[in-house]
Amino acid sequence: MATPTITTTEQPLNGSTPSPRLSLSSRTLAKNTGFTVIGSAVPLLVAAIGIPILVKGLGLERFGVLTLAWTLIGYLSLFDLGLGRALTKLVAEKYAEERLEEIPGAFWDSLLLLLGAGVVGALLVAAGTPWLVRHIIHVSPALENEAKLSFYFIALTIPVVTVGTGLRGFLEAGQQFFLVSLVRIATGVLGFLGPMACLLFTHRLEPVIASLSLTRVAAVALNFLLCVHTFPALWRSRKIGTTELKPLLKFGGWLSVSNLLSPIMVSMDRLMISGLLSVSMVAYYATPSEMMQKVLVFPYALQTVMFPALSAAMSRSTAEAKRLYRHSNDAVFLAIFPVSFLVVLFAPDGLRLWLGASFAEHSALSLQLLAVGILINSMGHIPSILVQSAGRPDLSAKLKLFEVPLYLAFAWWLITHYGINGAAFAWVLRALMDSSLLFYVSRRWVSGAPFHLVYSFVGCVLLAFAFLLAGNHASLQVRGLYAFVTCCGTAAIATPSLKQLLRREQVLC
């Protein structure tokens, strides 16, 4: 089943079945964002149930290694050299310019490049696994062989993952977000159900990690079938060598720099905690961190939907792209603020109820700080995608080259002196630096305030008071009343803002 944004061309490719053509509007973007949110939210619900089971079944040390494996698998797409996103931009532009006959060549040339990049990445990860396990993760000697075999399984998965980024990017360029979301739901759910099923037979890491790899293989096979189903000309016109590769490689090259640095900025804190503290402390930090990362489901969804839309719109309707940019920033803030606010207000109680008193004691303050960091980080998603849609991924990459050494330095110092709470505070500082610089750079295309500044000021005041109430152990009744009033006020502001975003059915391409 395809999304309702697809029509057909008047002239079919090669005289056969017509190929799809886009009819893209603001309301279509909202529907696609909704599909993407659902596709990410369902695995989040499964994670809430599955994580306590996995912690109990595997033990803290094995679960700490599993969280590192989840992180690594999530970032294996960095080996695609940015070509997956480059393919999305290229195909979206060809849709907008009605050059559909060039799409099959771009598809196959990109997949071959992605496969080659994935094979190189697999060899590098496999070669570095012994050093990674022995000198970075610092597992106990009893778990060293399990960890090595597990990361070898991950290395074998890399070519599959890199090809998968291209397939998913092609579907997103064609606005097939409903189909992409279905595959994401299945992958995310199996990513937890697989390891949980393994616990019925063994508590070793190898089969748990192998189940994650098999899930990725199945997802890529399904995405390929969906690509051919939604654009039949791909299979009829299996052209190779017809696409100019220099623009793809230039765009993807700079994007790959960002993709290489982003995991360092987002997840290096876990490796540093493992090296400076212990792998058990990774579990105390990574569990709340992983859950807060899931809160980014909405900005990630909106970012994913906006990239092909802005890529098409900026070549045909710059004013509309600016309007979508500003209202998207407001939407991100209004969606994420209530979640961060509630986490700050109820973090100790929630952790105690979910994972027990030990996690509440060790992780409560880290969770509160990460909630603030996630709010700040989410605000950088839309300016980041605006810069990429404008064809300047080099700007994002250069900013990260500037930020990474600063972040690593103060993260190392804060973790050494303040443990996992220091890691969380370093993450907040990193998010503030990154988002601020992205907003500054985006002024090249959108002048003036990128969102309602009063929202951020009022939000800071409300969050500060939430910290105060939680720190003074105010009663649940007092905090509940404060939460109710604040969330109602946020909803009252968000409703007209959403209507403004969707005020007209403006066709973009």
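The values are calculated or read from the model by the stated rules, or taken from the named source; none is laboratory data. Computed from a predicted model, the values in this text were never measured in an experiment. Glycine also receives a Cβ, built like all others from the backbone with ideal geometry; neighbour counts cover every protein chain displayed.
Structure summary
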item	result
Single unsatisfied condition, E172 versus (1) assigned to a helix (DSSP H, G or I); (2) touching a residue at least 24 places away in the same chain (Cβ under 8 Å); (3) farther than 22 Å from L248 by Cα	(3)
Any hit, region 409-416, residues being within 28 Å of Y482 (Cβ to Cβ) and either among the aromatic types (F, W, Y) or more than 22 Å from the chain's Cα centre (by Cα) (or both)	no
Sole exception among (1) modelled with pLDDT under 80; (2) surrounded by fewer than 19 Cβ atoms within 10 Å (Cβ to Cβ) for L205, by number	(2)
Some residue of region 101-118 being among the β-branched types (V, I, T), in a helix (DSSP H, G or I) and under 23 Å from R392 (Cα atoms)	yes
So I336, is it more than 27 Å from W254 (Cβ to Cβ), touching a Leu at 6+ places or on another chain (Cβ under 6 Å) and outside the structural domain of V91 (by TED's automatic domain parsing)	yes
Identity of the residue in region 177-231, among the aromatic types (F, W, Y) and assigned to a helix (DSSP H, G or I), that ends up nearest to T165 (Cα to Cα)	F224
Residues of region 432-477 that turn out to be among the aromatic types (F, W, Y), over 23 Å from T490 (Cα atoms) and exposed (fewer than 15 other Cβ atoms within 10 Å of the Cβ), as a count	1
Filter result for T230 (hydroxyl-bearing (S, T, Y), at pLDDT 85 or above and under 23 Å from T36 (Cα atoms))	no
The listed residue being among the β-branched types (V, I, T), more than 21 Å from the chain's Cα centre (by Cα), buried (at least 20 other Cβ atoms within 10 Å of the Cβ) and modelled with pLDDT of 80 or more, out of V344, V387, V372	V344
Selection count where residues are farther than 21 Å from S280 by Cβ and crowded, with 20+ Cβ neighbours inside 10 Å, scope region 130-152	0
Positions within region 408-451 being of a type in the set (S, T, Y) and closer than 23 Å to H362 by Cα, in sequence order	T416, Y418
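Conditions (1) surrounded by fewer than 22 Cβ atoms within 10 Å (Cβ to Cβ); (2) in contact with a Pro (Cβ under 7 Å, 6 or more places away or on another chain); (3) within 23 Å of F35 (Cβ to Cβ), marked per residue:
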{"position": "P247", "(1), (2), (3)": "yes, no, no"}
{"position": "I264", "(1), (2), (3)": "yes, no, no"}
{"position": "L276", "(1), (2), (3)": "yes, no, no"}
{"position": "N329", "(1), (2), (3)": "no, yes, yes"}
{"position": "P338", "(1), (2), (3)": "yes, no, yes"}
{"position": "D349", "(1), (2), (3)": "yes, no, no"}
